[in-house]
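The values are calculated or read from the model by the stated rules, or taken from the named source; none is laboratory data. Because the structure is a prediction, the values reported are computed rather than measured. Here the Cβ positions follow ideal geometry from the backbone for every residue, glycine too, while neighbour counts run over all protein chains shown.
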Amino acid sequence: MADAERQNEGERGPLRTFNLLETLTMLDPASLELEQTVADGLVLRCPGVAQTTDVSVRPCFPVTEPEKFLVFRDAEGHEIGMLEDLEALPRRFRRPLRVELNKQHFVPVITGIDAIYREFQIPIWQVQTDRGPRRLELRSAHDAHRLPDGRIYVRDAEGNGYLIPDYRKLDRTSQGLIELYV
């Protein structure tokens, strides 16, 4: 057995490798056209893909890279392809894409934390957001994640995401609760 094969062999047998570019269709931003319509939502036109209406788009990394690695799907949920960076699109097509992204990924911003406590082992956060006060029930304490630059991402038990852009800019009480529980 060759050294490379031995290195790729795990406890469950040989590891399979694949070429990501063979399994992923990268969309060329120079040839991509997008249009936002009232009736069909987002319309996509690009070479090699029939004009597609009612297109959905989602970022692979909505918190850390909300405008990069965007996956487009048709109305049936079949993947059309991926756009690496929204900024690579011609300027006139950026706006409709941003409008659609804003509809797809709604993340309220936490502006203050009133309390963090447990009820029957369930972490409860009482917070102020840019959309009003909220009571968040988390599945576990691990559903609050520290990110670079003081950001914190919180996912409640229903799967809703909340973002603290920089906890160091919150009031002292909120900062203290973050330091204690996250």
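Taking the listed residues VAL154, VAL127, the one that is within 14 Å of TYR181 (Cβ to Cβ), touching a helix residue (DSSP H, G or I) at 6+ places or on another chain (Cβ under 7 Å) and not hydroxyl-bearing (Ser, Thr, Tyr) is VAL154, with no other qualifying.
Which residues, taken from region 105-115, are within 20 Å of PHE69 (Cβ to Cβ) and surrounded by fewer than 14 Cβ atoms within 10 Å (Cβ to Cβ)?
Within region 105-115, just PHE106 meets the criteria.
Can you find a residue that is in contact with a Leu (Cβ under 8 Å, 6 or more places away or on another chain) and either of a type in the set (Phe, Trp, Tyr) or under 26 Å from ARG58 (Cβ atoms) (or both) anywhere in region 128-143? Walk me through how you get there before you give the answer.
The initial filter retains those residues of region 128-143 that are in contact with a Leu (Cβ under 8 Å, 6 or more places away or on another chain), namely none.
No.
Collect the residues in region 93-109 that are at pLDDT 85 or above and within 14 Å of LEU42 (Cβ to Cβ), keeping them in residue-number order. Residues satisfying the conditions are PHE93, ARG94, ARG95, PRO96, LEU97, ARG98. The lone criterion from (1) over 15 Å from the mean Cα position of the chain (by Cα); (2) surrounded by 15 or more Cβ atoms within 10 Å (Cβ to Cβ) left unmet by HIS142 is number (2). Applying a threshold of 6 Å to beta carbon distances and a minimum spacing of six or more residues, or different chains, the list of pairs starting in region 52-76 at a residue that is at positive phi and ending at one that is part of a strand (DSSP E or B) reads ASP54/GLY41; PHE69/CYS60.
Scanning region 31-58 for residues that are loosely packed, with under 14 Cβ neighbours inside 10 Å, modelled with pLDDT under 85 and either touching a Cys at 6+ places or on another chain (Cβ under 8 Å) or in a strand (DSSP E or B) (or both) yields a total of 3. Scanning region 154-181 for residues that are hydroxyl-bearing (Ser, Thr, Tyr) and surrounded by fewer than 18 Cβ atoms within 10 Å (Cβ to Cβ) yields THR173, TYR181.
Hey, any hits in region 172-181 for a residue that's over 16 Å from GLN126 (Cβ atoms), within 15 Å of the chain's Cα centre (by Cα) and not aromatic (Phe, Trp, Tyr)? No: zero hits. Count, please, the residues in region 146-179 that happen to be modelled with pLDDT under 90 and not in a loop (DSSP other than H, G, I, E, B). Count: 3.
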